[in-house]
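The structure under discussion appears below in the form of structure tokens.
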Amino acid sequence: MITVGNGHKAPADAIKSGLERLYPNQFEIDVLDFTAAVGDLAFDKRHKDSWNWMLKYPSFAYWGQVIMDSIVPVKFTRFVQKKMLRQHAAHATTFIKEKQYALVVATHFFTIQAIALAKDEFDLKIPLVGFDADPFDAHAMWVEPSADEIIVASQQAKEKLIQKTMPANKISVYNYPFATQFTENLPSQAAARAELNLENTMLTILQSAGGEGIGGQLEQSVESVFQANLPVQYIVICGRNTELLERLEGMAARFPNSKVRFVVKGFIENMPTWIIASDLILGKAGAASTMEALILGKPIFHVSYVAYNDRANMEWCVKQGVSEFIPKPEQLLEVLQRFLKHPEQLTMLHARVRELNIQSGTLDIAKHLVERYLQ
């Protein structure tokens with residue numbers, strides 16, 4: 001994977017957990033931040049810097065993908081990518097041969113393309129499986145006919161890949177994979193709140209800024225809730241952004257007598273417990289954050305999306321009746337005031353999420369990989 005947000009890392013960690021569960025001590029499994037691991041540091045920096053820039057200016061990412069998917073031919077996209085990734089493919093070839101891996105599962109499109117290029121042009125002989133990290137979308141950069149297989153998490157994503165010229169016989173559909181911490185030994189909401197020292201009876205919302213912890217809109221939302229003086233428990237996870245953490249702590253200090261019970265954290269490793277403790281999840285329409293909320297039975301209201309594939313997550317949730325798109329702070333206030341006045345509406349939302357019956361594909365994917373590629 002490549003560590004740009006959690007959307008590519010989460011399924012990689014999940015697949016590893018499934019392999020370890022079904023086949024303990026049989027395989028040595030590395031989850032790699034691939035561009036950095038192979039030593040292609042210049043490409044790694046360019047890509048991660050560009051992603052952080054797109055998080056700040058999402059319209060460029062959104063319209064760039066729309067143009068790429070609707071106007072630019074897929075063959076041209078792949079041609080440009082191969083030119084861009086040739087040096088990275090050479091680094092990948094050397095690295096994989098030294099490690100003597102038996103299989104590569106790539107959860108980022110650049111990794112899929114680079115290793116496919118290494119197989120085609122640098123005589124790298126290794127099975128390559130791609131996992132499309134977008135559960136309801138498949139943009140042109142996921143198309144790689146030289147891969148042995150592309151796994152997708154929905155029929156909708158499969159159809160989009162086929163439309164973009166990916167051979168249908170190389171596409172498999174499995175449920176989205178979750179790390180076992182999202183599916184096993186889960187506490188009740190009361191137990192989760194007790195463990196986290198949270199108030200047990202307040203309307204509790206959880207907003208994640210993502211792994212990088214992008215602020216801006218999030219800070220406006222927090223301030224609007226403080227100014228409205230709503231009796232809610234508002235949890236914010238800032239990720240690795242220590243500056244955002246400090247700013248939010250300072251904001252809370254400006255409202256010492258507020259009815260808001262404000263809890264702000266940096267990077268955490270027990271996200272399932274925080275989600276279970278909450279009544280409503282807020283966040284960017286990323287794949288991992290969206291699916292993790294749903295499998296734990298929580299409605300997620302999206303406040304933003306970056307590229308078109310994020311929008312697909314938001315639109316799917318809205319269509320299922322388990323989400324609203326609320327990009328403005330005043331919309332958040334309206335939602336919270338509505339749920340405070342009519343808590344039964346939130347109860348109905350929870351019921352709709354449970355009716356989706358989201359299931360994890362982790363063990364099925366792990367079994368498939370071993371039986372097909374590692375016998």
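None of the figures in this text is laboratory data; all of them are computed from the coordinates on show. For clarity, every value in this text was computed on a predicted model and none was experimentally measured. Methodologically, a virtual Cβ is constructed for each residue, glycine included, from the backbone with ideal geometry; neighbour enumeration extends over all protein chains shown.
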Pick from P256, P177, P167: which residue has the top mean-square fluctuation in a GNM of the chain where Cα pairs under 10 Å get a spring?
P256
F255-R354 pseudo-label distance in nm [points 7 Å out on the Cα-to-Cβ vector]
3.2 nm
Tell me which residues come under 5 Å, amide H to amide H, from I151 once H is placed; ignore anything under 5 positions away on its chain.
G130, F131, D132, S172
Among E292, E330, E184, which one shows the biggest mean-square fluctuation in a GNM of the chain, springs joining Cα atoms closer than 10 Å?
E184
Quick calc, the chain, dipole around Cα centre from Cβ unit charges on Lys, Arg (+) and Asp, Glu (-), nearest 20 debye, gives 480 debye
Against the longest alpha carbon principal axis of the chain, how many degrees, from 0 to 90 and to the nearest 10, is the axis of helix 74-99 turned?
80 degrees
Where q = 0.13, 0.17 Å⁻¹, what log10 of I(q)/I(0) comes from the Debye formula for the stretch 184-356, counting one point per Cα?
-0.59, -1.08
Computed label-point distance, nm, for sites Q331 and K75 using a 7 Å Cα→Cβ extension:
4.1 nm
Residue-by-residue Karplus 3J(HN,Hα) for the stretch 129-145, coefficients 6.51, -1.76, 1.60, Hz, glycine and proline x
10, x, 10, 6, 6, 9, x, 10, 8, 7, 7, 4, 6, 7, 6, 8, x
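May I ask you to derive the FRET efficiency for K83 and K265 from their Cβ-Cβ distance with R0 = 41 Å, giving the value to the nearest 0.05?
According to the calculation, E is roughly 0.45.
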For the chain, what does -39500 (n - 2.57) per DSSP helix run (n ≥ 4), summed and divided by total residues, give at 222 nm, in deg cm²/dmol to the nearest 500?
-16000 deg cm²/dmol
Descending semi-axes in Å of the chain, equivalent ellipsoid built from Cα gyration tensor
37, 22, 20
5 angstrom amide H check on V264, placed H, neighbours 5+ away:
V236
Return the lysines within reach of K170: Cα separation strictly under 17 angstrom, same-chain partners fewer than 8 residues apart disregarded; answer none if there are no such residues.
K119, K158, K160
